[in-house]
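Here's the structure we're looking at; comments come further down.
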Amino acid sequence: MKRRPGRASPRRPWFSSFPSGAKRSGLLLLLLLSTIFLYFRTSSDRWSPSPRGKTISDEGDFSSSKALLEARDVDGGSKGEWIARQFNDKLILARSFAVIAKENNNEQLDWELNAVIRSCQQFLSKSATGGSVISESEAEPHLQRLSSLISKAQEHDYDTATWIMKLKAKLQSLDVQATLASEKSVTFGQLAAEAIPKSLHCLSMRLAYIYGTDHSIREKASHKLQLSRFGDNSFYHFCIFSDNVLAVSVVMNSTVMNAVRPNELIFHIVTDQVNYGAMEAWLGLNDFRGASYVVQRIEDFTWLNSSYVPVMKQLESTESQSYYFKSDDQDSAVNARTLKFRNPKYLSMLNHIRFYIPEIYPELNQVVFLDDDVVVQKDITPFFSLDLHGNVNGAVETCLETFHRFHKYLNFSHPLIRSHFDPEACGWAFGMNVFDLLAWKRANITERYHYWQEANADRTLWKLGTLPAGLLAFYGLIEPLDRTWHVLGLGYDPNVNSSLIDSASVIHYNGNRKPWLKLAMSRYKSYWDKYVNYDHPILQECNFH
């Protein structure tokens, strides 16, 4: 599909992604630390020789133009560079004294300092835009005025000891502010990741309307459910569980566009009642190169109820609802740390039905499971020919040294975990998995999952999510796949190796920065965008870019 060329985003400063509170606190902290350094440096300069052996008086570095005119190379730099450095150092000191003067209600000194700071900035800006070297005669009055005001500030009881104590108190205050700003940043980032973008909501609404008014699409959907090929093991079967219409479309597009024989591919999609019509309409309006698909509603699986599924039973308890849906504003630090565990996706049965694949598709012997935040870059039908050596789950291991090992996900202080599992066992990735469903049934994986989910009713074995439960249920039954077949981290790690991404069969945007969100990292966005037809009229109407 065609990719609609986008407009290059203007370069923004590195701190633009921080909340305003964090930005202000961080800059003030940097300013004050620089001031301490510069204060002692300028203090020591009083006892060091100035250019050509001159000494710098307490009244200021540039009490006369003679010192400027006699300035020569300083620290190997040119005279102009030395003057520029003096401007920079004194402006930082002046800004710091302006802050202290304001806090001490010395409005006159605060006004004078800021006026000179603005005058110096205008002078430096004019020199820079004019392309001329800073003239000694022009620089002298500005530097002399700066030096005079800095000396004046030191005379207002801003002695070294008092100044250092004030800065120390200020740093402690800024540290508290920075901590609070960081917690807010985590909270806002999580909320942004969980929110449904307006464009996606618009797409679902328009497609739902089309499904409700177009009889041919509804007929096409009902006809597909009667086709026998969906249980035929001679085809390549993929399953995707999602309520995101566009994300599912990208997974399917990328898979069929890179497949050698796309007409032999069958996609089994499970969504919820709310998005069922939109999913059917969108898939019906698009061409997947002869690949077949079937969409089912999770609500139609009547056996998925609280008497059979531990997660559904646990969510009915008052204690669980209080944990997942209520928060204590007085304990913001704890809330910030646990917020990611309360993400609604972890509570959705669309996230948990991956443990019931053999019951959803009883006729199939093997499937490849794909998350809705992956992009397929090569023909992955050879995955169905892999020898899993009797194991149930073919997956890419994610441990490098101690990172992503079992102790990262599970509570090894609990005796039930400590006595059954190795804390150094290697973790693996959910998102692109080859499942041998016959071996699954022999090993009773679903029953294993039920056992550990019930044992974790009080959330003492692990906090939340499907990966910890999967680590326990599939323990000892994982067949490690080549790392290049499934590359992760595109939703949180800005430093994934580009050559590794390009050589990967499947790339995974695991993390909060999904490619359909504004939070997405621009470096990885193009891998997803090329499987979206931004010229489609409905996407145009819903303001997709």
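The values are calculated or read from the model by the stated rules, or taken from the named source; none is laboratory data. Everything numeric in this text was worked out from a predicted model, so none of it was measured. Cβ placement follows ideal geometry from the backbone for every residue including glycine, while neighbour counts extend to all protein chains displayed. Areas reflect the complete protein model, heavy atoms only, side chains present, ligands, DNA and RNA absent. Shrake-Rupley method; radii C 1.70, N 1.55, O 1.52, S 1.80 Å.
Karplus-derived 3J(HN,Hα) values for segment 531-545, using 6.51 cos²θ - 1.76 cosθ + 1.60 with θ = phi - 60°, are 9, 10, 8, 5, 7, 4, x, 5, 5, 5, 5, 8, 6, 7, 10 Hz; glycine and proline are entered as x. Ranked by the mean number of other Cβ atoms within 10 Å of their residues, highest first, the peptides 531-544, 349-362 fall in the order 349-362, 531-544. Between the amide H of H486 and those of S505, V506, distances stay under 5 Å, these residues lying 5 or more places away or on another chain, with hydrogens modeled in the peptide plane. Let me check against my output: what whole-number percent is the relative contact order of segment 224-280, with C-alpha pairs under 8 Å and at least 6 apart? Reported relative contact order: 46 percent.
My understanding is that a pair violates if its Cα-Cα distance is over 25 Å; which of K90/K126; K198/K408; K198/K378; K90/K152; K313/K514; K378/K530 do that in this structure? Don't jump to the answer; show the numbers that get you there.
On the way: K90/K126 19 Å; K198/K408 35 Å; K198/K378 32 Å; K90/K152 13 Å; K313/K514 30 Å; K378/K530 14 Å.
In this structure, K198/K408; K198/K378; K313/K514 lie more than 25 Å apart at Cα.
A protection proxy built from the mean count of other Cβ atoms within 10 Å ranks the segments 111-118, 372-379, most packed first, as 372-379, 111-118.
Computed with every protein chain present, the accessible area of V176 is close to 80 Å² [probe 1.4 Å]. Normalise the Debye intensity by I(0) for segment 246-299, one equal point scatterer per Cα, no solvent, then take log10 at q = 0.24 Å⁻¹ and round to two decimals. For segment 246-299, the Cα-only Debye profile gives -0.92.
Could you order H142, H545 so the one with the most accessible surface comes first? Probe is 1.4 Å.
On the way: H142 40, H545 140 Å².
From most accessible down to least: H545, H142.
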